[in-house]
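Each remark here refers to the structure printed beneath this line.
The values are calculated or read from the model by the stated rules, or taken from the named source; none is laboratory data. Only a predicted model underlies this, so the values are computations on that prediction, with no experimental measurement involved. Neighbour counts run over all protein chains shown; Cβ positions are idealised from the backbone, glycine included. Protein only, heavy atoms only, side chains kept; ligands, DNA and RNA dropped before computing areas. Shrake-Rupley method; radii C 1.70, N 1.55, O 1.52, S 1.80 Å.
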Amino acid sequence: FLQAVCGAGKTEMTLAAICLALNRYIRVGFAIPRKQVVIQLSERIKKYFPSSNVKAMHAEAKDDRDAHIVVMTIQQLVNYKDEFGLLLIDEADAFPFADSPFYWRLANQALRAGGSLILISATLTSALKRKLTKSGFRFHFNPARFHGVDHDLPRFLQLSGSALETILESILPILKKWRSDSKRAILFLPSIAKCLAFASLLRKEGVKAKAISSETERKEAIIHEFSAGNLDVLVSTSILERGITFTGIQIAVLQADSPLYDRDTLIQMSGRVGRDLWEPRGEIWFLSEYLSPAMRKARAVIRMLNHRKNSGGD
């Protein structure tokens, strides 16, 4: 189990293992929960291994013929048996893999006898660690981001109510500052309906904004539009919580005290900031009516990880 803070470069930490497998003619599988991350990661891995055949497998792409490396959604593991000598599962503590005996069986089924299984995440619960320890897993932890700069700490902003109009009034000055600095932002909200409604409110204020969720059509086109700088803001459900990387973005979690947001979710959302060598810092805001235990814990964990990095802890 490889645990490393958001922005540490977990994928890059696995490249030596992938290279070793390829040099031994071992087929490699890389499974990730979300299709958008599969698409992004497969393109990155193609650049790292230009002489290898890298293919993406998800609901709209089912061709893995002659692939040396298969980058897939977790669900695509159902297609394989005794296939991979090296299988990597990213965000292994997240839905749908973490608590699913079914997907654990699929992973073990897809792995060849004697093969290596590497689980990867920025977060690891005590319960999962106990379970993996009993299964013989070894653990490796890296508290430092690849550029060596501390992880930014979330700032708390108390709201006078939870209505979207109240949130809009509080977030607009922050967005105005970010836009004046040519910074884009992801705003997280805990439901699809709220994301759609809030994106509409922002557009009425002259902000170039779109909502994105699991139900959004043309997700890749919207993500490309945002990456290209044609949108100021993405209003997102937790679909962009993990794995995805954008350059120079800022984060605000709206209604951060929602019971849907636990400690690890808030840490992962915060981890979208500062993932670029040239822009290693950014702002993270938690906006809420109340200060939840999860919000306090997320900030405390990020502070602790910075301390461990700076004190040389591992």
Output the number of the condition that Ile251 fails; it satisfies all remaining conditions of (1) in a strand (DSSP E or B); (2) without any contact (Cβ under 8 Å) to a residue 40 or more places away in the chain. (2)
Scope region 130-154; condition closer than 21 Å to Lys309 by Cα and of a type in the set (Lys, Arg); matching residues: Arg138, Arg145
Which numbered condition Gly7 fails, given (1) open to solvent by less than 40 Å² (accessible area, probe 1.4 Å); (2) part of a helix (DSSP H, G or I); (3) under 21 Å from Gly148 (Cβ atoms): (2)
Matching residues in region 266-314 - criterion: being in contact (Cβ under 8 Å) with a residue 40 or more places away in the chain, assigned to a helix (DSSP H, G or I) and of a type in the set (A, V, I, L, M): Leu266, Ile267, Met269, Met295, Ala298, Ile302, Leu305
Kindly indicate the residue of region 41-71 that is acidic (Asp, Glu) and in contact with a Lys or Arg (Cβ under 9 Å, 6 or more places away or on another chain) and also surrounded by the most Cβ atoms within 10 Å (Cβ to Cβ) among those meeting that condition. Asp64
Residue check for Lys219: out of contact with any Asp or Glu (no Cβ under 7 Å at 6 or more places or on another chain) and open to solvent by less than 40 Å² (accessible area, probe 1.4 Å): yes
For a quick check of your reading of the model, give me the residue pairs whose first member lies in region 1-20 and is without any contact (Cβ under 8 Å) to a residue 40 or more places away in the chain, whose second is not in a helix (DSSP H, G or I), with beta-carbon atoms closer than 8 Å and at least 6 apart or on different chains. Cys19/Phe49
Selection count where residues are within 13 Å of Val253 (Cα to Cα), crowded, with 21+ Cβ neighbours inside 10 Å and of a type in the set (D, E, K, R), scope region 264-292: 1
Within the set of pairs 6 or more residues apart or between chains, which connect a residue that is hydrophobic (A, V, I, L, M, F, W, C) inside region 190-208 to a residue that is open to solvent by 40 Å² or more (accessible area, probe 1.4 Å) with Cβ atoms less than 7 Å apart? Ile192/Glu215; Ala199/Lys210
Here the residues within region 3-35 that are charged (D, E, K, R) and under 22 Å from the mean Cα position of the chain (by Cα) are Lys10, Glu12, Arg34, Lys35
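Taking region 185-205 as the region of interest, how many residues are assigned to a strand (DSSP E or B) and out of contact with any Ser or Thr (no Cβ under 9 Å at 6 or more places or on another chain)? Before you say what the answer is, go through the steps one by one.
If we filter region 185-205 for residues that are assigned to a strand (DSSP E or B), which is where we start, we get 185-188.
Add one more test, that the residue is out of contact with any Ser or Thr (no Cβ under 9 Å at 6 or more places or on another chain), and what stays is 185.
Looking only at that region, the number is 1.
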Quick check: is even one residue across region 231-244 among the charged types (D, E, K, R), open to solvent by 40 Å² or more (accessible area, probe 1.4 Å), over 24 Å from Asp90 (Cα atoms) and more than 17 Å from the chain's Cα centre (by Cα)? no
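Can Phe97 be described as modelled with pLDDT of 95 or more, open to solvent by less than 10 Å² (accessible area, probe 1.4 Å), within 25 Å of Arg130 (Cα to Cα) and hydrophobic (A, V, I, L, M, F, W, C)?
It is false that Phe97 is modelled with pLDDT of 95 or more, open to solvent by less than 10 Å² (accessible area, probe 1.4 Å), within 25 Å of Arg130 (Cα to Cα) and hydrophobic (A, V, I, L, M, F, W, C).
Checking the conditions here, which among Arg27, Arg34 is more than 14 Å from Glu220 (Cα to Cα), in contact (Cβ under 8 Å) with a residue 24 or more places away in the chain and open to solvent by 30 Å² or more (accessible area, probe 1.4 Å)?
Details: Arg34 fails: more than 14 Å from Glu220 (Cα to Cα).
Residue meeting the stated conditions: Arg27.
Can you say whether Gln250 is crowded, with 21+ Cβ neighbours inside 10 Å and touching a Ser or Thr at 6+ places or on another chain (Cβ under 8 Å), as far as the supplied structure shows?
On the way: crowded, with 21+ Cβ neighbours inside 10 Å: yes; touching a Ser or Thr at 6+ places or on another chain (Cβ under 8 Å): no.
It is false that Gln250 is crowded, with 21+ Cβ neighbours inside 10 Å and touching a Ser or Thr at 6+ places or on another chain (Cβ under 8 Å).
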